[in-house]
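Data first, discussion second: the structure below is written as structure tokens.
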Amino acid sequence: MDWRKLISDEINGFADGVVSLKLKKGMVRYSSRIRQNIPIHRISEDSEIVRAYLVYRFVNKMGYSPESLELDRPYKVGDAGETVTVDVVVNEEDGNPFFFADAVAPDDFGQGGDAESMLFLAAEKEFEQTGKVVRHLFYFTVKIENERLAHDSIIIDYSHFHRLSDWDRTEETQPKSIVIKSDRFWVSRRKRCLVKMGYLNHQFTVFFEL
């Protein structure tokens, strides 16, 4: 079961979609209603397919308008002026950034390192330049579960964790203290109010202020 083909079938099966994929030709197209800082036409790596699926979900499943999305927003960070780009920015109606999202290939998800560091640096630079605080840092990937396409994500509340050093991901590996299950929804609470949640075939980790 190829997750790439499952993504392509779902995206291309949606009428008037904002994304189209042609895997055999290695092509991707995003609607002109979505701001693209770098023109995107080629699928250069697996993470681009994951990003296409994330954009598709933001618009067609979560109800965000294409105009609220921006791809590859650049920031100059560090003394050397290295350019960091945010895969997908989702803005609220007032223009404040709600999500800084990074699409990760399945094999790279959960390994830590550069992905988390880059989004934290970008969020810090956003505040320095505009005074706007990013609400959430969002790491997203896909996987095959029970022969169906599923997805996994990590959501970090940036208002609580301003630095990567504050985000102790080792908490996710601690034993569960509370588990609540139903047929469609489950929640497990861990230390420091990090909560692993699932709805249908979607799993995500989020910080809860209890």
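Every number in this text was worked out from the coordinates using simple rules, so none of it is lab data. Small disclaimer: the values here were computed from a predicted structure and weren't measured. Don't worry about glycine lacking a Cβ; one is built from the backbone with ideal geometry, like all the others, and counts go over all protein chains shown.
Results, tabulated for the structure shown:
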quantity	calculated
Long-range HN-HN contacts of residue 142 with modeled amide H, under 5 Å	152
Ranking of 120, 127 by count of other Cβ atoms within 10 Å, fewest first	127, 120
Residue-by-residue Karplus 3J(HN,Hα) for the range 27-35, coefficients 6.51, -1.76, 1.60, Hz, glycine and proline x	10, 9, 9, 10, 4, 5, 6, 9, 6
Other-chain or far-sequence residues with amide H under 5 Å of residue 158's (modelled H)	136, 137
Whole-Hz ³J(HN,Hα) from phi, Karplus 6.51 cos²θ - 1.76 cosθ + 1.60, for the range 140-150, glycine and proline x	9, 8, 10, 7, 9, 9, 6, 6, 10, 6, 10
Sequence of 152, 79, 72 once ranked by neighbouring C-beta atoms within 10 Å, starting from the fewest	79, 72, 152
49, 154, 144 arranged by Cβ crowding within 10 Å, fewest neighbours leading	144, 49, 154
FRET efficiency estimate (nearest 0.05) - Cβ-Cβ, residue 146 to residue 94, R0 35 angstrom	0.30
Share of pairwise Cα separations in the range 1-110, more than 23 Å, in percent	28 percent
Phi-based couplings in Hz for the range 48-64 (Karplus 6.51, -1.76, 1.60; Gly and Pro marked x)	5, 5, 5, 5, 4, 5, 5, 4, 4, 5, 4, 7, 8, 10, 9, x, 6
